[in-house]
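A.B. asks: Below is a structure I'd like to ask you about.
The values are calculated or read from the model by the stated rules, or taken from the named source; none is laboratory data. If you're wondering where the values come from, they're calculated on a predicted model, not measured in any experiment. Methodologically, a virtual Cβ is constructed for each residue, glycine included, from the backbone with ideal geometry; neighbour enumeration extends over all protein chains shown.
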Amino acid sequence: MRTDLNVNKIYAQLKKTRPLTKNDLKNYVKVFVGIDIPDKRICPEHSTPMDYLWHCYNSDFDRQRANGDCVVWAGRGAGKTIIGAVATLLDCIFKPNCQVRILAGSERQAAKLYDYLQQFLRNGFKEFLASPIRKNRCEFLSGASVEVLTQSPASVRGSHIHKLRCDEIELFDSNVFEAAKFVTKSNNGLIGAMESISTMHRPYGLMHKLVNEAEINGTPIFKWCLWEVIEKCVDRNCSRCELESYCAGKAKRATGYLKIDDCITQMKRASKAGFESEVLCKQPYLENIVFAEFDCDQHVAEVNYNSSLPLYRAMDFGFVNPFVCLWIQIDGEGKIRIIDEYIKSKTTIEVHAREIKNRYSGEIATSFCDPAGAAKNDVTGTSAVKVLRENGVPVRYRKSSICEGVELVRRALRSGDGKAKLVISPKCGKLIEALSCYHYPENSRKDELPLKDGIYDHPIDALRYFFVNYTISSKIIGRRY
């Protein structure tokens with residue numbers, strides 16, 4: 001009996017003892033929460049779920065760290081939400097006065113994370129609570145608290161807290177997300193942190209934008225897929241396994257918890273593109289993308305100005321939305337080489353004209369533009385086309401449909417014989433992003449036009465004007481004013 005009492009006392013004391021290392025934390029969660037969080041990287045470019053949890057937990061104890069922000073990109077069923085709940089529990093137990101808020105892309109998703117937390121509390125952590133669990137809030141003896149926020153700017157703006165966990169960020173309203181950026185603060189020895197957690201569904205969605213920004217800003221990105229969380233394969237014949245084409249032996253090294261049979265069932269239910277996007281995190285789902293043929297590995301390469309080849313310009317007009325100019329050459333084999341781009345907003349046509357005239361000293365064969373640029377402006381009484389010509393940039397144009405230009409771009413990306421006739425310099429970052437993200441409206445019929453979002457449509461429009469004018473040069477209008 002005395003031995004049992006001692007064991008129970010030691011167990012209770014250990015539950016209140018803060019883990020000091022990553023391995024200690026893994027063991028703590030396994031013993032006291034009942035979850036063995038995978039910590040083995042299978043894909044070389046990925047992280048592990050344990051890497052994310054350690055970042056959340058240790059950021060406040062690492063005196064070298066000044067920012068706790070991170071982005072979590074993981075597949076469906078890969079444990080993002082439940083690990084976020086574990087991180088929330090640890091914050092409230094071991095970080096006195098830590099204020100945590102849960103914000104999700106839907107009320108149901110927020111409730112899911114909070115439900116996991118309530119389960120943990122009821123299954124062994126009630127002693128840490130200062131009061132009974134409420135529907136959307138709980139408070140701890142440490143002075144910490146957790147609350148579920150609603151998906152509204154007013155709810156978010158009313159909070160000033162240490163930790164904000166944003167689950168399924170891909171489903172967020174953009175106004176809510178913008179408001180959420182300003183609610184965290186550091187004080188009392190705790191670092192303010194905004195965690196953006198999601199699967200990446202769409203190449204033009206919020207998660208895609210966050211991952212790109214995180215890479216530029218140096219914000220940690222924790223990415224894992226099926227192979228970091230699948231159970232270890234011990235008795236299956238690879239040649240007979242339906243996952244073999246994706247797995248190639250990865251599951252033999254795995255240490256996760258997802259049942260292999262469940263993964264096979266999900267694969268059979270889904271399309272190839274859907275499974276690769278939602279579960280394997282290979283790339284966003286391209287079903288709604290206009291140029292699904294575009295592939296950076298195939299279409300982006302170093303191409304520089306060649307003085308022996310004709311040089312063309314293609315322009316789309318804008319002021320609040322960007323003005324775009326592309327520089328294009330065509331080699332002897334008919335390959336279209338996009339060598340440079342100029343994209344700028346809130347600047348006059350005169351300034352644009354000076355800028356584009358100063359790039360590339362060789363003679364310009366032709367400059368093509370948006371036919372709408374020939375219309376007179378109600379305020380200035382002149383047109384963009386006329387201003388360009390007066391500033392030494394003669395332009396030509398012809399009217400065409402969006403679908404006509406889109407089809408010509410598609411043929412260049414991949415012709416009927418499967419060959420690519422378009423190559424883009426890495427300097428053209430905005431055009432490359434636009435080709436990846438230009439999309440149809442959500443839930444649109446296939447005959448509807450691509451979305452004019454003011455972001456991706458302008459570089460594409462400039463590219464269209466080149467194709468429709470160069471391809472049918474005999475119909476080009478070149479009026480003088």
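A.B. asks: Filter the range 145-168 down to the residues that are under 23 Å from the mean Cα position of the chain (by Cα), in a strand (DSSP E or B) and not charged (D, E, K, R) and list them by number.
C.D. replies: Leu164, Cys166
A.B. asks: Does Ser159 qualify as being within 18 Å of Pro96 (Cα to Cα), assigned by TED's automatic domain parsing to the domain that holds Cys98 and among the polar types (S, T, N, Q)?
C.D. replies: Spelling it out, it is not the case that Ser159 is within 18 Å of Pro96 (Cα to Cα), assigned by TED's automatic domain parsing to the domain that holds Cys98 and among the polar types (S, T, N, Q).
A.B. asks: Looking for something of a type in the set (Asp, Glu), outside the structural domain of Gly205 (by TED's automatic domain parsing), touching a residue at least 12 places away in the same chain (Cβ under 8 Å) and part of a loop (DSSP other than H, G, I, E, B) - is there at least one such residue anywhere in the range 332-353?
C.D. replies: No: the range 332-353 contains no residue that is of a type in the set (Asp, Glu), outside the structural domain of Gly205 (by TED's automatic domain parsing), touching a residue at least 12 places away in the same chain (Cβ under 8 Å) and part of a loop (DSSP other than H, G, I, E, B).
A.B. asks: Going by the conditions given, is Arg157 of a type outside the set (Phe, Trp, Tyr), free of Cβ contacts under 8 Å to residues at least 40 places away in the same chain and closer than 27 Å to Asn27 by Cα?
C.D. replies: Judged against the criteria, Arg157 is not a match.
A.B. asks: Those residues that are surrounded by fewer than 18 Cβ atoms within 10 Å (Cβ to Cβ) and under 38 Å from the mean Cα position of the chain (by Cα), I need them from the range 393-407; list them, please.
C.D. replies: Arg396, Arg398, Lys399, Ser401, Ile402, Cys403, Glu404, Glu407
A.B. asks: Out of Gln118, Gln109, I need the residue that is surrounded by fewer than 24 Cβ atoms within 10 Å (Cβ to Cβ), at pLDDT 95 or above and within 20 Å of Asp167 (Cβ to Cβ). Which one?
C.D. replies: After ruling out the rest, the residue left standing is Gln118.
A.B. asks: I'd like the residue in the range 351-365 that is charged (D, E, K, R) and over 35 Å from the mean Cα position of the chain (by Cα) and, out of all such residues, is surrounded by the fewest Cβ atoms within 10 Å (Cβ to Cβ).
C.D. replies: Ranking the candidates gives Glu363 first.
Residues are listed down the side, and each one gets a yes or a no for (1) of a type in the set (Lys, Arg); (2) outside the structural domain of Val86 (by TED's automatic domain parsing):
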site	(1), (2)
Asn8	no, yes
Arg18	yes, no
Thr21	no, no
Lys26	yes, no
Val33	no, no
Ile37	no, no
His55	no, no
Ser59	no, no
Gln64	no, no
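A.B. asks: Just give me the residues in the range 106-129 being touching a Ser or Thr at 6+ places or on another chain (Cβ under 8 Å) and either farther than 14 Å from Ile82 by Cα or outside any helix (DSSP H, G or I) (or both), in sequence order.
C.D. replies: Result: Glu107, Phe128.
A.B. asks: Let me ask something additional. Within the range 318-360, can you find the residues that are hydroxyl-bearing (Ser, Thr, Tyr) and closer than 26 Å to His299 by Cα?
C.D. replies: Those that are hydroxyl-bearing (Ser, Thr, Tyr) and closer than 26 Å to His299 by Cα: Tyr342, Tyr360.
A.B. asks: Next up: Name the helices (runs of 4 or more DSSP H) wholly inside the range 1-63 in which the number of residues that are in contact with a Pro (Cβ under 8 Å, 6 or more places away or on another chain) and small (Gly, Ala, Ser) is 3 or more.
C.D. replies: Output list is empty.
A.B. asks: In addition: So the check is Cβ under 9 Å with 6+ separation or different chains; which pairs have a first residue in the range 169-190 that's assigned by TED's automatic domain parsing to the domain that holds Thr81 and assigned to a helix (DSSP H, G or I) and a second one that's crowded, with 19+ Cβ neighbours inside 10 Å and hydroxyl-bearing (Ser, Thr, Tyr)?
C.D. replies: As it stands, the answer is Ile169/Ser196; Ile169/Ser198; Glu170/Ser198; Glu170/Thr199; Leu171/Ser198; Phe177/Ser196, since those pairs meet every condition given.
A.B. asks: May I pose another question? Do we find that Ser400 is more than 15 Å from Asp295 (Cα to Cα), assigned to a loop (DSSP other than H, G, I, E, B), modelled with pLDDT under 90 and touching a helix residue (DSSP H, G or I) at 6+ places or on another chain (Cβ under 6 Å) in this structure?
C.D. replies: yes
A.B. asks: For residues that are surrounded by fewer than 18 Cβ atoms within 10 Å (Cβ to Cβ) and part of a helix (DSSP H, G or I), scanning just the range 375-392, find the one that is nearest to the chain's Cα centre (by Cα).
C.D. replies: The residue in question is Arg389.
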